[in-house]
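Visitor: Quick one: the structure is below, and I'll ask about it shortly.
The values are calculated or read from the model by the stated rules, or taken from the named source; none is laboratory data. Quantities reported herein were computed from a predicted structural model and do not represent experimental measurements. Neighbour counts are summed over all protein chains in view; Cβ atoms, including those assigned to glycine, are modelled from backbone coordinates with ideal geometry.
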Amino acid sequence: MSSESTAALFDQGTEPNNTGASELNPSVSNKPDTRSSSDADHAKAGDARANEDADETIIEPTLRRYFAPEAVRVSAFVKALKDAKVHRFGAADTLDAEGLIAENDRDGARLWQLVANASTLDPVSAWVWPFIQKRVNILVGAQVDLSGQSAAQIIRSVVTAVSGSLHGEDKGRSKRAENDLRLAIAWLLEYRNGDVADIAEQVCQAFVDAKGSADGLVRKAMAFGSKVELQAILLAFDLAGHQTRHAKQERDFERRERFDLKAALDGLREESARRSETIRRLELERAELERLLEEERKKAESDRRHHAHSSSQTRADFSTSLQRVKGLVEEAGEAVQIAMKRADEGSLRGLQAAERRIMSAVDAISGIGK
């Protein structure tokens, strides 16, 4: 959008454009009907022919046509879009439309009607939500981050921006502020998926100033308001009741969950205490077992050394005894040899046999320990 278009777009000092108001609602007239019955019949016939001609008029399915100086009904424009099977508006068309809005729809009434009745159509949706985002961005200023802040924060900034004009004496500026606020709400709810309760809480501040005035306004609207106002209030109460019930259910659920978590936590604490006691007892038992094991190790080492010493002594004693026996056997063998020299033939054979046994015994004793 050019700077000239932007400046004109937010020039709120100009009265709203009412061009085509009679076309939008031809059945309403502020002037009294002073015609005779005959004249009235002729006039009705002429009006019927005019309506037939209007129905047969082909409307160009472009934004350029919708925001032209001569206003068209939203229903007729929607029909033209559907008949032409338009999926997207062209770049040149959208650029021209932004300039035409600044000139022919300064209060935003036509734009709001398009949003309220045709925002679900693909070509309108593809163009209108980014365009409204630009309007909101210009309205609240660059210091508000529309992509980073929450819907409640954004609508709070919008309410602050339009509150001065919303309740002012200038009807054109007031209407412009009202439509800007409604467009911002529609964008936040439909495009940003904002929370209804949060947005309503912020918008309420723009219409309810004094404490307790909300109750008075609701009572007056329910008692003396139109059917639409009564329906809106009842729907609002139903929504508030639903949200209250939902909040109570969530509160009860959170309480039960908190109690369950507390019980589970107490159980875990008791289990932790039991496990800590078990760990302490096992550590004491391990220390006792380690002490006993060390004592057994020392005892085994002492026994091993004692056994090794005893074995060495036994072997030494055995070796000494063996040498003594060997010496005695050898002496016996020598004695036999001497006796053999002095003995007769009969005794010689017996001594020789004794000598052989003695030598065998010596050999056997000598082989022990080798």
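Visitor: Working only within the stretch 138-169, note down all residues that are of a type outside the set (A, V, I, L, M, F, W, C) and either closer than 21 Å to residue 195 by Cβ or buried (at least 21 other Cβ atoms within 10 Å of the Cβ) (or both). Don't jump to the end; show me each part of the working.
Guide: Applying the first criterion (of a type outside the set (A, V, I, L, M, F, W, C)) to the stretch 138-169 yields 141, 143, 145, 147-150, 153, 156-157, 160, 163-165, 167-169.
The answer is 145, 147, 148, 149, 150, 153, 156, 157, 160.
Visitor: Would you be able to say whether some residue in the stretch 176-186 is surrounded by 18 or more Cβ atoms within 10 Å (Cβ to Cβ), in contact with an Asp or Glu (Cβ under 7 Å, 6 or more places away or on another chain) and at pLDDT below 90?
Guide: Kept after step one, since they are surrounded by 18 or more Cβ atoms within 10 Å (Cβ to Cβ), are these residues of the stretch 176-186: 176-181, 183-185.
Checking which are in contact with an Asp or Glu (Cβ under 7 Å, 6 or more places away or on another chain) leaves us with 176, 179.
Now restrict to residues that are at pLDDT below 90: none.
Checked against the condition, which is being surrounded by 18 or more Cβ atoms within 10 Å (Cβ to Cβ), in contact with an Asp or Glu (Cβ under 7 Å, 6 or more places away or on another chain) and at pLDDT below 90, the stretch 176-186 yields no hits at all.
Visitor: Still on this structure, please answer the following. Can you find a residue in the stretch 169-191 that is within 17 Å of residue 157 (Cβ to Cβ) and of a type in the set (Val, Ile, Thr)?
Guide: Taking every residue of the stretch 169-191 in turn, at least one turns out to be within 17 Å of residue 157 (Cβ to Cβ) and of a type in the set (Val, Ile, Thr).
Visitor: Taking into account only those residues within the stretch 116-137 that are free of Cβ contacts under 8 Å to residues at least 12 places away in the same chain and within 16 Å of residue 94 (Cα to Cα), which is surrounded by the most Cβ atoms within 10 Å (Cβ to Cβ)?
Guide: 125
Visitor: Listed residues 200, 232, 236, 214; which is small (Gly, Ala, Ser) and assigned by TED's automatic domain parsing to the domain that holds residue 177? Let's see the steps before the verdict.
Guide: Working: 232 fails: assigned by TED's automatic domain parsing to the domain that holds residue 177; 236 fails: assigned by TED's automatic domain parsing to the domain that holds residue 177; 214 fails: assigned by TED's automatic domain parsing to the domain that holds residue 177.
So the residue among 200, 232, 236, 214 that is small (Gly, Ala, Ser) and assigned by TED's automatic domain parsing to the domain that holds residue 177 is 200.
Visitor: Return the only residue of 283, 301, 271 being more than 60 Å from the chain's Cα centre (by Cα) and in the same structural domain as residue 358 (by TED's automatic domain parsing).
Guide: On the way: 283 fails: more than 60 Å from the chain's Cα centre (by Cα); 271 fails: more than 60 Å from the chain's Cα centre (by Cα).
It is 301.
Visitor: Sticking with this one: What single numbered condition from (1) under 18 Å from residue 125 (Cα atoms); (2) touching a residue at least 40 places away in the same chain (Cβ under 8 Å) fails to hold for residue 89?
Guide: Of (1) under 18 Å from residue 125 (Cα atoms); (2) touching a residue at least 40 places away in the same chain (Cβ under 8 Å), only one is false for residue 89: (2).
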